[in-house]
Amino acid sequence: MSEGPVTDAAVHEGPETEPAPDVLDEVHELIAALESHPDPRVGAQVAALLQRIDAVHRTALTHLMSAVHGMGGDAFINRLTANAAVRLLLMSYDLVAVDRRIQTEEALDLVRSHLHAHGVDVELLEVVGSVVYARLHGLESAGIAPAAVQRDLEEALRTGLLGFQELVLGERRPAAGPPAAFVSLGGVRRAQRPVYRRVLAASELPPGGLRGVEVDGVPILIANVDGEFYAVQNRCGDSPLPLEFSVLEGGEVRCSWHGCRYDVRTGTRLDGAGERLAVYPVAVADGEIRVAVGVEPVSAG
C-alpha cells in the first residue's frame, strides 16, 4: 500500500499555526463594546450607523441573490457559497443557512478518502462553536500514529471550516455547574456515515489511468495511483471544464485545458494558489470501486 498523507504528516514538522478567529464573533464583540460605551451618545450613534449600513447592504444583497438564483438556480448558488468568504458575508445577512455541521463534514471530506485507504473512518460527533468533536474507528489495526491522523484532520478543518480552533477526539464532557441555557443544534443531530455508490470495476482502471463518472449527479474523476484509487471533483477549479482528459503522473494530474496541476490524493493545487479539488471517500469491495458523495444517519443499533 502506498504511503498516504497520514504517514507524511508524521514526519512533517513546521511552525504551529494560530487558530483562525471567528470573524463574526469578533464583529459582534466589537459592536457590543461600542454599544455599552459609558457615553450613551456613542451607543446611539453606533446603533444608527449599523441600521443604515444594514439597510443598504441587506437590500442590495437580497436583490442580487434573487437575480443570481433566477439565472443560475441552486447549483450556482451552491458554487458561490462554497467560497468561505462569500458564505460568511451571506450568513451575516441571513441569506444562507448556517449549518456548521455540514461545513465540518465537507472539511473532513478533504482527508476522508486517504484515511479510508488506511482503514480509518472519522465519525463527526458534534460541533460546538469553534470546537469539533469526532471519533476515529479502525485506528488500532491501521498501524498509524494517532497524532499523525489528528494533524491531518486539524489541517483539513483549518482549511475548510471558518473559525475552527480545536479538534477533540472523543465525546464532549458535560460542563461543571448548572446546565447551559441553550443546546447547540449540531449536538442533537445523529452521527453520519458515507453512502457508497458503485462506479466501475477496479479492473477497468489500470495504474496511471483516469476515468470520469457521475455519482448521484455529481461529476467525479477516478484516478489509479500505483494501485490506490482516489476520487476528486471532475472539474478544473471553478470552471465547468472536466479533468478526465488530463494526464496523470504519479499522484499529479495536469489539466488538459489550462495546464493546472493538482494532487489527486489531497485535491491540493500544486502550481500556485487556487481552488482545491473536492476529495471524495473511496472504497474497493468485491472488485468494485465505490465512491461516497453523501451521508446517512448511523443507526442506533
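The values are calculated or read from the model by the stated rules, or taken from the named source; none is laboratory data. Only a predicted model underlies this, so the values are computations on that prediction, with no experimental measurement involved. Glycine gets a Cβ as well: all are built from the backbone with ideal geometry, and neighbour counts include every protein chain shown.
Return the residues of segment 232-256 that are small (Gly, Ala, Ser) and out of contact with any Leu (no Cβ under 7 Å at 6 or more places or on another chain); say none if nothing qualifies.
Narrowing segment 232-256 to residues small (Gly, Ala, Ser): 237, 239, 246, 250-251, 256.
Gly237, Ser239, Gly250, Gly251, Ser256 - these are the residues of segment 232-256 that are small (Gly, Ala, Ser) and out of contact with any Leu (no Cβ under 7 Å at 6 or more places or on another chain).
Considering each of Pro15, Pro5, Pro19 in turn, give the residue that is at pLDDT below 65 and in contact with a Phe, Trp or Tyr (Cβ under 8 Å, 6 or more places away or on another chain). The unique qualifying residue is Pro19.
Just to check your reading of the model, which residue among Gly170, Gly217, Gly143, Gly250 is among the small types (Gly, Ala, Ser), modelled with pLDDT of 90 or more and exposed (fewer than 14 other Cβ atoms within 10 Å of the Cβ)?
On the way: Gly170 fails: modelled with pLDDT of 90 or more; Gly217 fails: modelled with pLDDT of 90 or more; Gly143 fails: modelled with pLDDT of 90 or more.
The unique qualifying residue is Gly250.
I need every pair where a residue in segment 58-73 that is surrounded by 11 or more Cβ atoms within 10 Å (Cβ to Cβ) has its Cβ under 7 Å from the Cβ of a residue that is not hydrophobic (A, V, I, L, M, F, W, C), sequence separation at least 6 or different chains. Short answer, once both residue conditions are applied: Arg58/Tyr93; Leu61/Tyr93.
Table: residues versus (1) under 30 Å from Val284 (Cβ atoms); (2) modelled with pLDDT of 65 or more; (3) outside the structural domain of Glu275 (by TED's automatic domain parsing).
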residue	(1), (2), (3)
Val11	yes, no, yes
Leu24	no, no, yes
Val46	no, yes, yes
Ala60	no, yes, yes
Gly70	no, yes, yes
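If only residues of segment 280-301 that are more than 23 Å from the chain's Cα centre (by Cα) and not hydrophobic (A, V, I, L, M, F, W, C) are counted, the one that is modelled with the lowest pLDDT is Gly301. Screening Gly129 against (1) surrounded by fewer than 20 Cβ atoms within 10 Å (Cβ to Cβ); (2) more than 25 Å from Phe229 (Cβ to Cβ); (3) modelled with pLDDT of 85 or more; (4) not hydrophobic (A, V, I, L, M, F, W, C) leaves a single unmet condition, (3). Annotation note: Cβ proximity below 7 Å between a residue of segment 198-213 that is assigned by TED's automatic domain parsing to the domain that holds Leu243 and a residue that is surrounded by fewer than 14 Cβ atoms within 10 Å (Cβ to Cβ) and at pLDDT 95 or above (sequence gap 6+ or interchain) occurs for no pair.
Looking at this structure, is Asp74 in a helix (DSSP H, G or I) and at pLDDT below 70? Steps first, please.
Working: in a helix (DSSP H, G or I): yes; at pLDDT below 70: yes.
Taking the combined requirement at face value, the residue satisfies it.
Residues that are part of a helix (DSSP H, G or I) and of a type in the set (A, V, I, L, M, F, W, C) were ranked within segment 144-165; the one that is farthest from His118 (Cα to Cα) is Leu157.
Each residue in segment 230-279 was checked for being without any contact (Cβ under 8 Å) to a residue 60 or more places away in the chain and closer than 16 Å to Val218 by Cα, and 13 pass.
If you take the residues in segment 244-271 that are assigned to a loop (DSSP other than H, G, I, E, B), of a type in the set (A, V, I, L, M, F, W, C) and touching a Ser or Thr at 6+ places or on another chain (Cβ under 8 Å), which one is nearest to Leu200 (Cα to Cα)?
First, pick out the residues of segment 244-271 that are assigned to a loop (DSSP other than H, G, I, E, B): 244-246, 250-251, 255-260, 264-268, 270-271.
Narrowing the set further to residues that are of a type in the set (A, V, I, L, M, F, W, C) leaves 245, 255, 257, 260, 264, 270.
Filter once more, keeping what is touching a Ser or Thr at 6+ places or on another chain (Cβ under 8 Å): 245, 255, 257.
Values: Phe245: 18, Cys255: 23, Trp257: 26 Å.
For segment 244-271, the residue satisfying everything is Phe245.
Among the residues of segment 197-234, the one identified as among the polar types (S, T, N, Q) and assigned to a loop (DSSP other than H, G, I, E, B) is Asn234.
Just one of Pro194, Pro178 is within 20 Å of Arg112 (Cα to Cα) and modelled with pLDDT under 80; which is it? Working first, answer last.
Numbers: Pro178 fails: within 20 Å of Arg112 (Cα to Cα).
So the residue among Pro194, Pro178 that is within 20 Å of Arg112 (Cα to Cα) and modelled with pLDDT under 80 is Pro194.
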